[in-house]
Amino acid sequence: MWLGLSLFYVGAVLFLNGLWMLGKIADKEIWVINIFTGVVSLCIGLASIFGPAADAASVKSGALTLLFAFTYLWVAFNRFSGADGRGLGWFSLFVAITAVPVAVDTLAGAQTGLDWWMGINWAAWAVLWALFFALLALKKPIERMTGWLCIVQGVLTGWVPGYLILAGKLV
C-alpha cells in the first residue's frame, strides 16, 4: 500500500505543478502540495529503509522514493527562498540519469501488469526530470511543454495507478 499512497500524491503534485508552470496556480500557493507530498514521500522512504521489516528490496524502494521526496521539498524550498532553481535542475539531472537504469531493470524483470506499468513510469519520469534539468539548470524556454507533460504524467503515472493500487484493482 505504500506504493499506492506514494503514487496517488505524486499524481496530485505533478498535476498541480504542471498547472503552476502554466500560470494557473500562484507561487505562494504551490508550496502546500509540494511540502505535503514531500513529507508523505519522505516518511514512506524512511519507513521503507529503517522500518522493522527492512530488507534489500525495501531499502532500494525507499532510496528511490526519496528522489521524489527531495524533489518536491526542494520545489517548496525554492518558493520560500526565491532561489532560481538551478540547484534543483542539477539534482533533476542526477535523478533523470538514475531513473534510466531503474526503468530498464524494472522492465527486464517485469512479471505482472504493475511491474510493466512501473517500468514505463520510470522511463517517463526520466524524461520529465531531464526536462526539469533543461528548464532549471540550462534555462531552456520549455516551461509550457514541461508543464503539460507534468499534468499528463501526474494523471497517468501517479494518480490513476495510485488510486487503482489503493482500491485493490492493480496489484
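The values are calculated or read from the model by the stated rules, or taken from the named source; none is laboratory data. Keep in mind it's a predicted model, so treat the numbers as computed, not measured. Every residue, glycine as well, gets a Cβ built from its backbone with ideal geometry; the counts of neighbours run over all protein chains shown. Quick note on the areas: whole protein, heavy atoms, side chains included, nothing else; ligands and nucleic acids left out. Shrake-Rupley method; radii C 1.70, N 1.55, O 1.52, S 1.80 Å.
What is the magnitude of the charge dipole of region 22-92 about its Cα centre, with +1 placed on the Cβ of each Lys and Arg, -1 on the Cβ of each Asp and Glu, and no other charges, expressed in debye to the nearest 20?
100
Using the crude model of +1 on Lys and Arg Cβ and -1 on Asp and Glu Cβ, and no other charge, please compute the dipole size for the chain relative to its Cα centre, in debye to 20.
Dipole of the chain, to the nearest 20 debye: 340 debye.
Pick out the long, greasy-scoring helices in the chain: whole DSSP H runs spanning 30 Å or more along their own axis by Cα, mean Kyte-Doolittle at least -1.0.
In the chain, the long hydrophobic H runs are 27-50, 56-81, 86-108.
Compute the accessible area per residue over region 7-163, keeping the other protein chains in place, probe 1.4 Å, unit Å². It would help to have the intermediate numbers written out before the result.
Details: 7760 Å² over 157 residues.
Solvent-accessible surface per residue comes out at 49 Å².
Using the C-alpha gyration tensor of region 81-171, what are the square roots of 5 times its eigenvalues, in whole angstrom, with the largest one first? Don't jump to the answer; show the numbers that get you there.
Numbers: eigenvalues 148, 48, 20 Å².
Rounded to whole Å, the semi-axes are 27, 15, 10.
Measure off 7 Å from each Cα along the Cα-to-Cβ vector at LEU156 and LYS169, then give the distance between these two points in nanometres to one decimal.
1.9
Do the sum for the chain: with -39,500 (n - 2.57) for every DSSP H run of n ≥ 4, divided by all residues, what is the mean residue ellipticity at 222 nm, to the nearest 500 deg cm²/dmol? Don't skip to the answer; put the middle values down first.
Numbers: 7 runs with 131 residues, N = 171.
Calculated at 222 nm, the ellipticity per residue is -26000 deg cm²/dmol.
For region 104-171, run through the trypsin sites (Lys or Arg not before Pro) and keep only the ones in DSSP coil with at most 16 other Cβ atoms within 10 Å of their Cβ.
Sparse-neighbourhood loop trypsin sites (Lys or Arg not before Pro): LYS139, LYS169.
What residue among LEU107, LEU73, LEU42 shows peak mean-square fluctuation when the chain is described by a Gaussian network model with Cα springs under 10 Å?
Looking only at LEU107, LEU73, LEU42, the largest GNM fluctuation is found for LEU107.
Under a 10 Å cutoff between Cα atoms, tell me which one of MET145, MET118, MET21 has the largest fluctuation in the Gaussian network model of the chain.
Maximum fluctuation in the GNM of the chain, among the listed residues, is at MET145.
Need one word for region 2-46: rounded, prolate or oblate. Basis is the Cα gyration tensor (sqrt eigenvalues a ≥ b ≥ c); a/c below 1.5 gives rounded, then a/b vs b/c decides.
In terms of gyration-tensor shape, oblate.
Just how large is the dipole of region 70-146 about the Cα centre, in debye to the nearest 20, putting +1 at every Lys and Arg Cβ and -1 at every Asp and Glu Cβ?
My answer is approximately 340 debye.
Report, to the nearest whole %, how much of the accessible area of the chain belongs to carbon and sulfur atoms, 1.4 Å probe, protein only.
Roughly 73 percent of what the probe reaches on the chain is carbon or sulfur.
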